[in-house]
Amino acid sequence: AQSVTQPDIHITVSEGASLELRCNYSYGATPYLFWYVQSPGQGLQLLLKYFSGDTLVQGIKGFEAEFKRSQSSFNLRKPSVHWSDAAEYFCAVGARIGNQFYFGTGTSLTVIP
Amino acid sequence: EAGVTQFPSHSVIEKGQTVTLRCDPISGHDNLYWYRRVMGKEIKFLLHFVKESKQDESGMPNNRFLAERTGGTYSTLKVQPAELEDSGVYFCASSQALAGGIRYTGELFFGEGSRLTVL
């Protein structure tokens, strides 16, 4: 069965510190992988996506993620967190053809000054 | 260009009442999706429209939920009668369609969600 696991429900980091949000997936075929962010009062915004090719993908707002097939992981990273990065982050996996996305339960990020 | 818009942003109703949520997708997006997030849980797929046709409604929880997309533009999701467990945030998303209808460009554009509270 398809599923996405985000083991960290809530993470707190200091502004300027590095960040890594974990995501593991279970999927029967080669997936599309995504990270979305939801800031307070906003909709879900796409940060980055992986379809194929280079396993290190760059996204908006200075985020990057690395696809590791052997570990079924797609962890999100940022070298230096800004206060405006405080939000909820969702990892998702989708089929190459079709419609359903499978989301994780989300990781809430708090940034302290 | 306007994004995906949802209305209302928040609705509080009593058990047994009816609520209708509306979604206006990005203009020109043939694919429209409804998702739901119950507090603390993952965001779950409800259904998918391609234009006015239901492509996949396998995620609809039960027959108290009715989704429509008349004319292939905006969509409504009606819950009747509402139960306590229906509380959550209902997200609408849209995407472009490529040849074949069910393929997509790989990005869903989400609205801000409609928060439903059933008392």
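The values are calculated or read from the model by the stated rules, or taken from the named source; none is laboratory data. What you see is a predicted model, and the numbers here were worked out from it, not measured in a lab. Here the Cβ positions follow ideal geometry from the backbone for every residue, glycine too, while neighbour counts run over all protein chains shown. Note: areas computed on protein heavy atoms with side chains; ligands, DNA, RNA excluded. Shrake-Rupley method; radii C 1.70, N 1.55, O 1.52, S 1.80 Å.
Would you say B:LEU108 is modelled with pLDDT under 95, at the interface with another protein chain (Cβ under 8 Å from one of its Cβ atoms) and crowded, with 18+ Cβ neighbours inside 10 Å?
Working: modelled with pLDDT under 95: yes; at the interface with another protein chain (Cβ under 8 Å from one of its Cβ atoms): yes; crowded, with 18+ Cβ neighbours inside 10 Å: yes.
Spelling it out, B:LEU108 is indeed modelled with pLDDT under 95, at the interface with another protein chain (Cβ under 8 Å from one of its Cβ atoms) and crowded, with 18+ Cβ neighbours inside 10 Å.
So which residues in the range B:51-76 are among the hydrophobic types (A, V, I, L, M, F, W, C) and under 15 Å from B:VAL38 (Cβ atoms), if there are any at all? Even if it seems obvious, please write down each step before you answer.
First pass over the range B:51-76, keeping only residues among the hydrophobic types (A, V, I, L, M, F, W, C): B:60, B:65-67.
Selection gives B:MET60, B:PHE65.
Filter the range A:64-97 down to the residues that are within 23 Å of A:SER3 (Cα to Cα) and assigned to a loop (DSSP other than H, G, I, E, B), then identify the one that is least open to solvent (accessible area, probe 1.4 Å).
Taking the candidates together, the pick is A:ALA95.
Which ones in the range A:25-49 are in a strand (DSSP E or B), open to solvent by 60 Å² or more (accessible area, probe 1.4 Å) and farther than 19 Å from B:VAL89 by Cα? Walk me through it before giving the result.
Filtering the range A:25-49 for residues in a strand (DSSP E or B) gives A:25-26, A:32-38, A:44-49.
Filter again for open to solvent by 60 Å² or more (accessible area, probe 1.4 Å), leaving A:45, A:49.
Result: A:LYS49, single match.
Somewhere in the range B:26-35, is a residue touching a Lys or Arg at 6+ places or on another chain (Cβ under 8 Å), in a strand (DSSP E or B) and under 20 Å from A:GLN42 (Cβ atoms)?
Residues of the range B:26-35 that are touching a Lys or Arg at 6+ places or on another chain (Cβ under 8 Å), as a first pass: B:30, B:32, B:35.
From the residues that got through so far, the ones that are in a strand (DSSP E or B) too are B:32, B:35.
From what is left, the residues that are under 20 Å from A:GLN42 (Cβ atoms) are B:32, B:35.
Looking through the range B:26-35, at least one residue is touching a Lys or Arg at 6+ places or on another chain (Cβ under 8 Å), in a strand (DSSP E or B) and under 20 Å from A:GLN42 (Cβ atoms).
For the structure I just gave you, tell me whether A:LEU109 is outside any loop (DSSP other than H, G, I, E, B) and either within 10 Å of another protein chain (Cβ to nearest Cβ) or polar (S, T, N, Q) (or both). Walk me through how you get there before you give the answer.
Working: outside any loop (DSSP other than H, G, I, E, B): yes; either within 10 Å of another protein chain (Cβ to nearest Cβ) or polar (S, T, N, Q) (or both): no.
Taking the combined requirement at face value, the residue does not satisfy it.
Out of all the residues in the range B:23-38, is one or more open to solvent by 60 Å² or more (accessible area, probe 1.4 Å) and at pLDDT 90 or above? So that I can check it myself, show each step before the final result.
Kept after step one, since they are open to solvent by 60 Å² or more (accessible area, probe 1.4 Å), are these residues of the range B:23-38: B:27-28.
Subsequent filtering for residues that are at pLDDT 90 or above retains B:27.
Yes.
If I ask for residues that are open to solvent by 20 Å² or more (accessible area, probe 1.4 Å) and more than 10 Å from chain A (Cβ to nearest Cβ), which ones from the range B:39-67 would you list?
Correct list: B:MET39, B:LYS51, B:GLU52, B:SER53, B:LYS54, B:GLU57, B:MET60, B:PRO61, B:ASN62, B:ASN63, B:ARG64, B:LEU66.
Quick check on the range B:40-60. Is at least one of its residues over 26 Å from A:SER108 (Cβ atoms) and hydroxyl-bearing (Ser, Thr, Tyr)? I'd like the intermediate steps shown before the answer.
Applying the first criterion (over 26 Å from A:SER108 (Cβ atoms)) to the range B:40-60 yields B:47-58, B:60.
Subsequent filtering for residues that are hydroxyl-bearing (Ser, Thr, Tyr) retains B:53, B:58.
The answer is yes; a qualifying residue exists.
Looking at the range B:1-11, which of its residues are open to solvent by 50 Å² or more (accessible area, probe 1.4 Å) and over 18 Å from B:PHE65 (Cβ atoms)? Please lay out each step first, then the result.
Of all residues in the range B:1-11, those open to solvent by 50 Å² or more (accessible area, probe 1.4 Å) come to B:1-2, B:5, B:7, B:9-10.
If the condition is that a residue be open to solvent by 50 Å² or more (accessible area, probe 1.4 Å) and over 18 Å from B:PHE65 (Cβ atoms), then B:GLU1, B:ALA2, B:THR5, B:SER9, B:HIS10 are the ones that fit.
List the pairs whose first member sits in the range B:1-24 and is over 22 Å from B:PHE110 (Cα atoms), whose second member is of a type in the set (D, E, K, R) and surrounded by 13 or more Cβ atoms within 10 Å (Cβ to Cβ), and whose Cβ atoms are under 7 Å apart, counting only residues at least 6 apart or on separate chains?
From residues that are over 22 Å from B:PHE110 (Cα atoms), the pairs are B:LYS15/B:GLU83; B:THR18/B:LYS78.
Quick one: is A:LEU47 modelled with pLDDT of 90 or more and within 12 Å of chain B (Cβ to nearest Cβ)?
Working: modelled with pLDDT of 90 or more: yes; within 12 Å of chain B (Cβ to nearest Cβ): yes.
Yes.
Output the number of the condition that B:GLU14 fails; it satisfies all remaining conditions of (1) more than 11 Å from chain A (Cβ to nearest Cβ); (2) surrounded by 14 or more Cβ atoms within 10 Å (Cβ to Cβ).
Of the numbered conditions (1) more than 11 Å from chain A (Cβ to nearest Cβ); (2) surrounded by 14 or more Cβ atoms within 10 Å (Cβ to Cβ), the odd one out for B:GLU14 is (2).
From A:GLN58, A:GLN6, A:GLN71, which residue is of a type outside the set (Val, Ile, Thr), farther than 25 Å from B:GLY111 by Cβ and modelled with pLDDT of 95 or more? Steps first, answer last, please.
Numbers: A:GLN6 fails: farther than 25 Å from B:GLY111 by Cβ; A:GLN71 fails: modelled with pLDDT of 95 or more.
Result of the check over A:GLN58, A:GLN6, A:GLN71: A:GLN58.
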